[in-house]
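Working notes, beginning with the structure itself.
The values are calculated or read from the model by the stated rules, or taken from the named source; none is laboratory data. Small disclaimer: the values here were computed from a predicted structure and weren't measured. With ideal geometry, Cβ positions are generated from the backbone for all residues, glycine too; neighbour counts draw on all protein chains shown.
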Amino acid sequence: MTTSTTATTAYAELAAAMRGDLIVPGDPGYDQARAVYNAMIDKHPGAIARCRDAADVITCVRFARSHGTEIAVRGGGHNAAGFGVWDDALVIDLSLLRSTTVSPQNHTVRVDAGATWGDVDHATVAFGMATPSGFIASTGVAGLTLGGGTGYLTRRFGLTIDNLLSADVVLADGSLVTASESSNSDLFWALRGGGGNFGIVTSFTFRCHDIGEAGTIIGGPVLYDLADTPEVMRWYRELLPSLPEELNGWIALLTIPPAPPFPETLWGRKACGIVWCYTGPHDRADKVLESVRSFGSPLVVGLQPMPFTVLQSVFDGLYPAGLQWYWRADFFNEISDAAIDVHVKYGAQLPTGHSTMHLYPIDGAASRVPADATAFAYRDGGYNGIIAGVDPDPANAGLISQWTKDYWEELHPTSAGGAYVNFLMDEGHDRVKASYRGNYDRLAQVKRRYDPDNMFHVNQNIQPGG
Ligand SMILES: Cc1cc2nc3c(=O)[nH]c(=O)nc-3n(C[C@H](O)[C@H](O)[C@H](O)COP(=O)(O)OP(=O)(O)OC[C@H]3O[C@@H](n4cnc5c(N)ncnc54)[C@H](O)[C@@H]3O)c2cc1C
């Protein structure tokens with residue numbers, strides 16, 4: 001039986017068995033419940049199960065198995081390809097499961113799988129701690145973690161997965177297991193980068209680290225005229241390896257937002273920028289940031305002390321849910337001169353105010369983890385690159401998509417070959433394989449063990465292998 005034929009009566013039985021709500025087409029709130037972060041995604045699921053606890057997740061998985069119903073799994077709903085929702089499928093929606101439990105003594109945080117990074121930062125920074133996440137607070141913990149997780153703390157403390165201690169997972173047969181180094185270690189290996197292919201995680205436990213001074217870091221953007229892009233990129237690529245790992249900076253091409261704190265004279269101007277985050281002791285900050293402050297002729301130097309939560313959420317207002325997004329991505333071993341030429345060309349053609357290009361370093365602690373220690377394979381000390389065409393107006397969907405595709409086509413030859421799975425669109429199996437490099441075959445074996453029927457396939461799919 002396919003999802004589209006999953007009978008109304010069957011769904012009524014599922015609704016009765018759940019603690020949470022089951023929302024079906026025609027119900028009030030259906031359109032709201034099927035909407036995800038990227039407004040370009042317009043899927044119509046057969047039902048959306050708003051789970052209240054792990055038991056609801058188990059109930060949904062068993063239901064889907066016995067009725068042959070296709071499923072999609074939704075954490076924070078941020079996935080660009082829109083894999084958190086799917087036509088005719090049963091969406092197992094975890095977004096109500098957002099509780100966090102911090103252990104300051106053990107330096108850990110346990111997080112339910114529907115939480116956002118804003119929820120986690122709120123909980124941990126109160127204790128002066130954080131676990132590595134991303135660059136925006138509204139992103140879901142689940143999807144980001146399962147793909148790897150690159151953010152402000154990557155150079156110092158590694159990827160998000162390098163700080164994952166354990167995960168509770170509902171498997172395809174409806175059983176719940178814990179995955180860690182000492183329990184189901186093959187599953188734990190695969191979860192760390194292999195996405196949602198192996199089961200539905202209901203909670204994560206992460207290691208936390210003391211950051212800044214009681215959670216106050218020094219961070220913010222330094223912006224340069226777009227014409228300075230070649231000099232800034234060359235300087236950045238030389239400087240980065242020499243910087244202490246307490247200092248992270250990702251480089252971007254962007255349009256200066258038409259809003260404070262940016263001076264009105266700069267609103268709407270195209271720029272090259274680096275967003276810095278220094279998480280070390282403040283009495284060393286001046287020395288560490290000296291080279292950053294003294295380079296070139298910046299238009300804006302926005303470096304200042306702030307709670308880590310503020311830096312983490314600074315882009316949330318600029319990028320609310322409901323914009324049109326089209327993005328393409330690659331890993332890069334270096335920022336080559338050929339790549340800089342492409343960046344200069346397409347930076348000058350940024351099609352809308354929200355459209356942007358980012359390069360996030362994956363070096364320091366992240367690159368000291370062997371490439372086969374987790375499923376995440378690109379740890380050569382390079383960059384996680386993303387080109388994102390973004391705009392509020394659906395009429396501009398074609399424009400932003402074309403700019404992104406053209407930019408990517410010219411830049412791709414300078415890349416390392418694969419891309420961060422969390423930045424892939426629905427680009428086909430070869431791109432997924434390239435993103436896992438030599439780890440793919442082992443992932444396919446773990447997939448066969450835990451999900452031989454490929455029940456969890458609405459994702460960057462790893463097919464069960466031999
Ligand atoms: C504005 C923006 C900024 C971003 N910044 C960063 C960044 O700084 N660093 C970074 O690493 N990434 C970043 N990302 C990418 C982000 O990691 C991915 O979009 C990720 O998929 C989002 O996770 P989610 O839970 O919100 O997504 P969802 O759309 O809910 O899910 C994403 C995928 O994970 C699966 N999944 C979700 N929850 C579970 C679960 N509990 N168990 C099993 N599978 C599950 C889904 O089936 C789906 O395939 C960003 C994305 C956006 C839109």
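Return the only residue of 291, 313 being at pLDDT below 95 and touching a Leu at 6+ places or on another chain (Cβ under 8 Å).
291
Would a scan of the stretch 217-239 turn up a residue that is closer than 26 Å to residue 103 by Cα and either of a type in the set (D, E, K, R) or touching a residue at least 12 places away in the same chain (Cβ under 8 Å) (or both)?
Yes, because at least one residue in the stretch 217-239 is closer than 26 Å to residue 103 by Cα and either of a type in the set (D, E, K, R) or touching a residue at least 12 places away in the same chain (Cβ under 8 Å) (or both).
Can you tell me how many residues in the stretch 82-95 are polar (S, T, N, Q) and away from the ligand (no atom under 14 Å from the Cβ)?
Qualifying residue count for the region: 0.
For residues that are outside any helix (DSSP H, G or I) and within 25 Å of the chain's Cα centre (by Cα), tally how many sit in the stretch 42-68.
Adding up the residues that qualify gives 10.
Among residues belonging to the stretch 172-210 that are closer than 17 Å to residue 91 by Cα and among the β-branched types (Val, Ile, Thr), point out the one that is farthest from the ligand (Cβ to nearest atom).
Per the stated criteria, the residue is 202.
Given the condition small (Gly, Ala, Ser), free of Cβ contacts under 8 Å to residues at least 40 places away in the same chain and more than 8 Å from the ligand (Cβ to nearest atom), answer yes or no: does some residue in the stretch 136-145 qualify?
No; the residues of the stretch 136-145 include none that is small (Gly, Ala, Ser), free of Cβ contacts under 8 Å to residues at least 40 places away in the same chain and more than 8 Å from the ligand (Cβ to nearest atom).
Six or more apart or on different chains, Cβ under 6 Å: which pairs go from a residue in the stretch 454-466 that's β-branched (Val, Ile, Thr) to one that's assigned to a loop (DSSP other than H, G, I, E, B)? Could you list them?
Matching pairs, first to second residue: 458/83; 458/86.
Can you tell me which of 431, 437 is assigned to a helix (DSSP H, G or I), within 16 Å of the ligand (Cβ to nearest atom) and farther than 26 Å from residue 173 by Cα?
Matching residue, one of 431, 437: 431.
Do you know which residues across the stretch 146-168 are touching a Ser or Thr at 6+ places or on another chain (Cβ under 7 Å) and more than 15 Å from residue 131 (Cβ to Cβ)?
Correct list: 168 only.
Regarding residue 461, is this residue modelled with pLDDT of 95 or more, polar (S, T, N, Q) and within 16 Å of the ligand (Cβ to nearest atom)?
yes
Okay, residues lined up against (1) among the aromatic types (Phe, Trp, Tyr); (2) within 12 Å of the ligand (Cβ to nearest atom):
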| site | (1), (2) |
| --- | --- |
| 306 | no, no |
| 319 | yes, yes |
| 331 | yes, no |
| 355 | no, no |
| 360 | yes, yes |
| 389 | no, no |
| 403 | yes, no |
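Within the stretch 162-179, track down each residue that is in contact with a strand residue (DSSP E or B) (Cβ under 7 Å, 6 or more places away or on another chain) and either modelled with pLDDT under 95 or outside any strand (DSSP E or B) (or both).
163, 171
Applying the selection to the stretch 36-81, what residues are at pLDDT 95 or above and within 8 Å of the ligand (Cβ to nearest atom)?
36, 37, 38, 72, 73, 74, 75, 76, 77, 78
Determine whether residue 124 is on the phi < 0 side of the Ramachandran plot, within 12 Å of the ligand (Cβ to nearest atom) and either of a type in the set (S, T, N, Q) or at pLDDT 95 or above (or both).
Spelling it out, it is not the case that residue 124 is on the phi < 0 side of the Ramachandran plot, within 12 Å of the ligand (Cβ to nearest atom) and either of a type in the set (S, T, N, Q) or at pLDDT 95 or above (or both).
Can you tell me which residue is farthest from the chain's Cα centre (by Cα) among those in the stretch 154-168 that are farther than 12 Å from residue 205 by Cα and within 11 Å of the ligand (Cβ to nearest atom)?
154
Scan the stretch 238-261 residue by residue and report those that are among the charged types (D, E, K, R) and surrounded by 20 or more Cβ atoms within 10 Å (Cβ to Cβ).
246
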